[in-house]
Amino acid sequence: MRAIIPVAGFGTRLKPHTLTHPKVLLNVGGKPIVAHIIDKLIEENITEATFIVGYLGERIEDYISKTYPNLKAEYVEQKELLGLGHAIYQAAPTFNDDEILIILGDTVFDVDLSQISKLETSSLGVKEIKDPRRFGVAELEDGLITKLIEKPENPTTNLALVGLYYIKNSNLLTKSIEELMEKNIKTKNEYQLTDALQLMIEKGEKFMTFPVEGWYDCGKPETLLSTNRFILSKNGEPKKIESVVINEPVYIAPTAKIKNSVIGPYATISDNCEVTDSIIKNSIINKNSKVERIILADSIIGADARVQGSHHKMNVGDSLELEIN
Ligand code: UTP
């Protein structure tokens, strides 16, 4: 089975970080988003992967080829961002007729992939979501998907597609995307993967679903921070540093230098960061950044940044009430 991982998008919702870094290389819980996906693939012995790259794609390729020299990775370019269906179509020459597992590059999953490869029909990862209007949704009958609708205005089901697609008949998927493009069938102005899968259903392909409870989006600042919290609470390692109070769970890179500070809970401090006289909680500090004399909460600091606060010098008399906002 080959993994197909689209990572061509701009990551607009994560600006300013994505102005200089591809979204999937942003750190969450101690390593880049895409590394969580690749580590999971390797754990499950999936050693072939196609990455659909676009914006800052050479940086992604450089990171993956250096970090995972044993992964049989192929890179295809999506020159125009015309939607997920269009992205997957660019990868078609790399998968021919193989079974494929499409995984959205900006999502961390906590699922047992070995169960997926045992499934006998194509299957889509789903989760019940209160308001699924910004997702694709699946209507079911007797365990089989009868209809897929992308971003429905009035959803008839809460079962949302969360970004994991196991496709047996990849050749039919390629043909269905081709048909979307020939007939110019778009939803929200994009060639959608969901619409191509619906065409496959109309052509007789059977689709089932599998539940994905552990689904962690990294597409927006608040979801990146909540995914960071989830990963740290699962993988955070106890740590001791002189002159530093650590409130677990945290990730502190071995090369980070921290002095006279309080770190955590839920802080990720990346390689070569320097943190001095500060309190940092529920935040991610990307590599090579310096943070001094500041209280940071719910924050994302980019790489190579410098953040400096100040201490107050006071000479306060008795019975005075002083509030600094
Ligand atoms: P998103 O639409 O959530 O990500 O696509 P984005 O476009 O990077 O982010 P925003 O919306 O601008 O903030 C989900 C995944 O699919 C990829 C994206 O790179 C992301 O990993 N994708 C999406 C493509 O590769 N090509 C596309 O045309 C669309």
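Which one of THR107, THR67 is among the polar types (S, T, N, Q) and touching a residue at least 60 places away in the same chain (Cβ under 8 Å)? Please lay out each step first, then the result.
Details: THR67 fails: touching a residue at least 60 places away in the same chain (Cβ under 8 Å).
Just a single option satisfies the conditions, and that option is THR107.
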Between a first residue in the stretch 290-309 that is touching a residue at least 60 places away in the same chain (Cβ under 8 Å) and a second residue that is buried (at least 17 other Cβ atoms within 10 Å of the Cβ) and part of a strand (DSSP E or B), which pairs have beta carbons less than 6 Å apart while being 6 or more apart in sequence or on different chains?
ILE300/ILE284
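Quickly run through the stretch 193-214 and pick out the residues that are assigned to a strand (DSSP E or B) and open to solvent by 50 Å² or more (accessible area, probe 1.4 Å).
Here is the first cut: in the stretch 193-214, the residues assigned to a strand (DSSP E or B) are 207-211, 214.
Selection gives MET208, PRO211.
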Can you pull out the residues in the stretch 243-253 that are exposed (fewer than 14 other Cβ atoms within 10 Å of the Cβ) and either in a strand (DSSP E or B) or at pLDDT below 95 (or both)?
VAL245
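Taking the stated definitions as given, is GLY105 within 16 Å of the ligand (Cβ to nearest atom), surrounded by 17 or more Cβ atoms within 10 Å (Cβ to Cβ) and in a loop (DSSP other than H, G, I, E, B)?
Working: within 16 Å of the ligand (Cβ to nearest atom): yes; surrounded by 17 or more Cβ atoms within 10 Å (Cβ to Cβ): yes; in a loop (DSSP other than H, G, I, E, B): yes.
Yes.
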Count of residues meeting criterion [within 12 Å of the ligand (Cβ to nearest atom) and touching a Ser or Thr at 6+ places or on another chain (Cβ under 6 Å)] in the stretch 79-102
1
In this structure, is THR268 open to solvent by less than 20 Å² (accessible area, probe 1.4 Å), within 25 Å of the chain's Cα centre (by Cα) and either at pLDDT 95 or above or under 30 Å from GLU141 (Cα atoms) (or both)?
yes
Residue among GLU190, GLU179 that is open to solvent by 60 Å² or more (accessible area, probe 1.4 Å) and not polar (S, T, N, Q):
GLU190
Only one of (1) more than 11 Å from the ligand (Cβ to nearest atom); (2) touching a strand residue (DSSP E or B) at 6+ places or on another chain (Cβ under 8 Å) is not met by VAL7, so which one is it?
(1)
Using beta carbons and a limit of 8 Å, which pairs, at least six apart or on different chains, have the first residue in the stretch 89-101 and within 9 Å of THR174 (Cα to Cα) and the second one of a type outside the set (D, E, K, R) and assigned to a loop (DSSP other than H, G, I, E, B)?
TYR89/TYR191
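Restricting the stretch 274-287 to residues that are over 18 Å from VAL24 (Cα atoms) and of a type outside the set (Val, Ile, Thr), which is surrounded by the fewest Cβ atoms within 10 Å (Cβ to Cβ)?
Among them, the one singled out is ASP277.
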If a residue has to be more than 10 Å from the ligand (Cβ to nearest atom) and either in a loop (DSSP other than H, G, I, E, B) or of a type in the set (Phe, Trp, Tyr) (or both) to count, how many in the stretch 41-78 make the cut?
11
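How many residues does the stretch 110-156 hold that are open to solvent by less than 30 Å² (accessible area, probe 1.4 Å) and either modelled with pLDDT of 95 or more or within 16 Å of the ligand (Cβ to nearest atom) (or both)?
First, the residues of the stretch 110-156 that are open to solvent by less than 30 Å² (accessible area, probe 1.4 Å): 111, 113, 116, 122-126, 129, 132, 135-138, 145, 148, 150, 152.
Keeping just the survivors that are either modelled with pLDDT of 95 or more or within 16 Å of the ligand (Cβ to nearest atom) (or both) gives 122-126, 129, 132, 135-138, 145, 148, 150.
Within the stretch 110-156, residues that are open to solvent by less than 30 Å² (accessible area, probe 1.4 Å) and either modelled with pLDDT of 95 or more or within 16 Å of the ligand (Cβ to nearest atom) (or both) number 14.
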Which condition does LEU81 not pass, out of (1) of a type in the set (A, V, I, L, M); (2) in a loop (DSSP other than H, G, I, E, B); (3) over 26 Å from ILE185 (Cβ atoms); (4) open to solvent by 50 Å² or more (accessible area, probe 1.4 Å), if it passes all the others?
(3)
Given the criteria crowded, with 18+ Cβ neighbours inside 10 Å, modelled with pLDDT under 95, closer than 30 Å to GLY9 by Cα and of a type outside the set (D, E, K, R), does ALA303 qualify?
yes
I'm trying to understand the selection: among the residues of the stretch 112-139, which are in contact with a strand residue (DSSP E or B) (Cβ under 7 Å, 6 or more places away or on another chain) and either under 24 Å from ILE60 (Cα atoms) or not in a loop (DSSP other than H, G, I, E, B) (or both)?
ILE116, SER122, SER123, LEU124, GLY125, VAL126, LYS127, GLU128, GLY136, VAL137, ALA138, GLU139
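The values are calculated or read from the model by the stated rules, or taken from the named source; none is laboratory data. The structure presented is a predicted model; accordingly, all values stated were derived computationally and were not measured. Note that each Cβ is placed from the backbone with ideal geometry, even for glycine, and that neighbours are counted across all protein chains shown. All accessible areas refer to the heavy atoms of the entire protein, side chains included, with ligands and DNA or RNA removed. Shrake-Rupley method; radii C 1.70, N 1.55, O 1.52, S 1.80 Å.
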